[in-house]
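The values are calculated or read from the model by the stated rules, or taken from the named source; none is laboratory data. The shown structure was predicted, so the numbers you read here are calculated from the model rather than taken from an experiment. Here Cβ is always computed from backbone atoms with ideal geometry, including for glycine, and neighbour counts include all displayed protein chains.
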């Protein structure tokens with residue numbers, strides 16, 4: 001999926017950023033706040049749940065994913081960085097979780113387990129007091 005697939009569900013806000021930029025930092029809104037409305041997005045159910053889990057504190061109570069980017073000096077680079085982080089998050093959410101298949105231990109593994117239990121029991125039996133003590 002590309003950014004264009006999600007663009008109708010995304011809102012970008014530009015705010016003043018702290019950090020590098022000199023006098024420019026006080027005048028120009030270079031930081032980007034990308035807001036993604038999860039409720040109306042075309043995502044399958046498993047991806048929606050995975051995205052909420054991956055987002056953590058970036059998910060607001062009303063179901064909006066907020067990605068903040070302010071590491072670069074220009075608005076364009078911050079916008080690109082926010083979009084890249086968003087797409088990485090979506091890609092991770094779209095990965096289907098592997099299903100677990102129940103397995104049973106083989107005969108050799110069961111025998112090893114029983115032999116180990118017998119061995120441990122024998123070691124502990126040697127620690128016990130005998131009538132001779």
- request: Have a look at 53, 49, 76 and point out the one that is in a helix (DSSP H, G or I), closer than 17 Å to residue 7 by Cβ and at pLDDT below 90.
  value: 76
task: Output yes when any residue across region 40-50 is under 14 Å from residue 11 (Cα atoms) and surrounded by fewer than 11 Cβ atoms within 10 Å (Cβ to Cβ), and no when none is.
output: yes
message: On the basis of being closer than 25 Å to residue 44 by Cβ and either touching a strand residue (DSSP E or B) at 6+ places or on another chain (Cβ under 7 Å) or assigned to a loop (DSSP other than H, G, I, E, B) (or both), does residue 82 make the cut?
response: yes
query: Do we have residue 33 as more than 16 Å from the chain's Cα centre (by Cα), in a strand (DSSP E or B) and without any contact (Cβ under 8 Å) to a residue 60 or more places away in the chain here?
result: yes
message: With the requirement that a residue be surrounded by 16 or more Cβ atoms within 10 Å (Cβ to Cβ) and either within 14 Å of residue 9 (Cα to Cα) or free of Cβ contacts under 8 Å to residues at least 40 places away in the same chain (or both), what does region 67-77 give you?
response: 67, 68, 69
message: Looking only at region 87-113, how many residues end up being in a helix (DSSP H, G or I) and within 12 Å of the chain's Cα centre (by Cα)?
response: 7
Checking residue 61 against (1) touching a residue at least 40 places away in the same chain (Cβ under 8 Å); (2) farther than 23 Å from residue 18 by Cα; (3) exposed (fewer than 14 other Cβ atoms within 10 Å of the Cβ), the condition it does not meet: (1)
- request: Take residue 122 and decide whether it is exposed (fewer than 10 other Cβ atoms within 10 Å of the Cβ), within 30 Å of residue 45 (Cβ to Cβ), at pLDDT 85 or above and more than 17 Å from the chain's Cα centre (by Cα).
  value: no
- request: Taking the residues in region 9-30 that are at pLDDT below 70 and either under 17 Å from residue 84 (Cα atoms) or not in a helix (DSSP H, G or I) (or both) as candidates, determine which candidate is nearest to the chain's Cα centre (by Cα).
  value: 19
